[in-house]
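Structure, as structure tokens:
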Number of protein chains: 2
Amino acid sequence: METKVSKKAASCPVETTLKVLSGRWKVLIIQFLLERPRRFGELSRCLGPVSARTLTKQLRELEEDGLILRKDFEQISPKVEYSVSELGKMAEPILLAMGVLGEALENRMEKSSRISKKTDAHG
Amino acid sequence: METKVSKKAASCPVETTLKVLSGRWKVLIIQFLLERPRRFGELSRCLGPVSARTLTKQLRELEEDGLILRKDFEQISPKVEYSVSELGKMAEPILLAMGVLGEALENRMEKSSRISKKTDAHG
DNA sequence: CTGAATCCTTTGTGATACTG
DNA sequence: CAGTATCACAAAGGATTCAG
């Protein structure tokens, strides 16, 4: 297995993924949904300061792009559950790789600055 | 006091990476620099419609975050070369995973629409 | 609880003109 | 060539309000 980005053909799929995952919360949404299916409110809580409007929008886009599934229980007291689709599960390697890089970055950040300023917390 | 860190702690590195790679061109910049070092103008050309201002800014941020290196040859006719750092090379798995997902997405896009056009035509 | 609709602020990025 | 400075605009996201 070559650890080498094939020279040109690879850039298009990357851009596609870029578009699909573009949005402040999408990657995090997938991250939490990879753990287990979650309801709207639950997601909202574990993501942190996301507005209902934005969360709804990004969930809809992720759904439309086939990464997540939305199940509406259609009860009087609304209950909707989101989960990752098979396609969405293919995002896990990305998340893992991002985690690896992220740790290296945090290590290095002992000396540098740019990101350390605003560490986003959950709740 | 037991600073009990839950499983959510795993999301922090991901968020760090998210911040660092956030920006319309950053991932693509790294992709092209992983192939080989490139000069400013060369990058500008292979990225596509990016303004000098934006490219400069994102390059500076990537440099500050330690992902890329900037070498100024300090000649009369300006020559600057960018390359990925050791840290930047750790982004390659992300790129590869994004490529894999991207291809799956493109496959699926035969049926769906959101991304298939350059700019979203929804609203 | 899970949204939709509206308004508003912030942020990102491009266009243009200019410099060493 | 490799930027910098300024302006302008669009898009993203938040706050608030309303609804089933």
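The values are calculated or read from the model by the stated rules, or taken from the named source; none is laboratory data. Everything numeric here is computed off the predicted structure, so don't read it as measured data. For neighbour counting, all protein chains shown are included, and Cβ atoms are generated from backbone atoms with ideal geometry for every residue, glycine included. For the accessible areas, the whole protein counts, side chains as well, though only heavy atoms, and no ligand, DNA or RNA atoms are used. Shrake-Rupley method; radii C 1.70, N 1.55, O 1.52, S 1.80 Å.
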Dipole magnitude of region B:16-120 about its Cα centre, charges +1 at Lys/Arg Cβ and -1 at Asp/Glu Cβ only, in debye to the nearest 20? 420
Once you list every other residue whose beta carbon is under 9 Å from the beta carbon of B:S83, what net charge do they have if Lys and Arg are +1 and Asp and Glu are -1? +3
5 angstrom amide H check on B:K79, placed H, neighbours 5+ away: B:F73, B:E74
Count of Lys pairs (Cα-Cα under 25 Å; at least 8 positions apart or interchain) in region A:16-120: 17
Students sometimes get this wrong: rank B:F32, A:F40 by accessible area, probe 1.4 Å, all chains present, largest first. A:F40, B:F32
Total accessible area buried between chains B and A, 1.4 Å probe, in Å² to the nearest 100? 4700
Average other protein chain Cβ within 10 Å of Cβ, residues B:85-94: 5
Cα gyration tensor shape of region B:16-120, rounded if a/c is under 1.5, else prolate or oblate by comparing a/b with b/c: prolate
Net charge within 12 Å of A:S51 by Cβ-Cβ distance, Lys/Arg positive one each and Asp/Glu negative one each, not counting A:S51 itself? +3
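Ignore the peptide's own chain and count Cβ atoms of other chains within 10 Å of each Cβ in B:19-27; give me the average, rounded.
On the way: counts 8, 7, 6, 4, 0, 2, 1, 1, 7.
Per residue, the number of nearby Cβ atoms from other chains is 4 on average.
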Output the relative contact order of region B:17-106, whole-number percent, from Cα pairs under 8 angstrom with separation of 6+ residues. 30
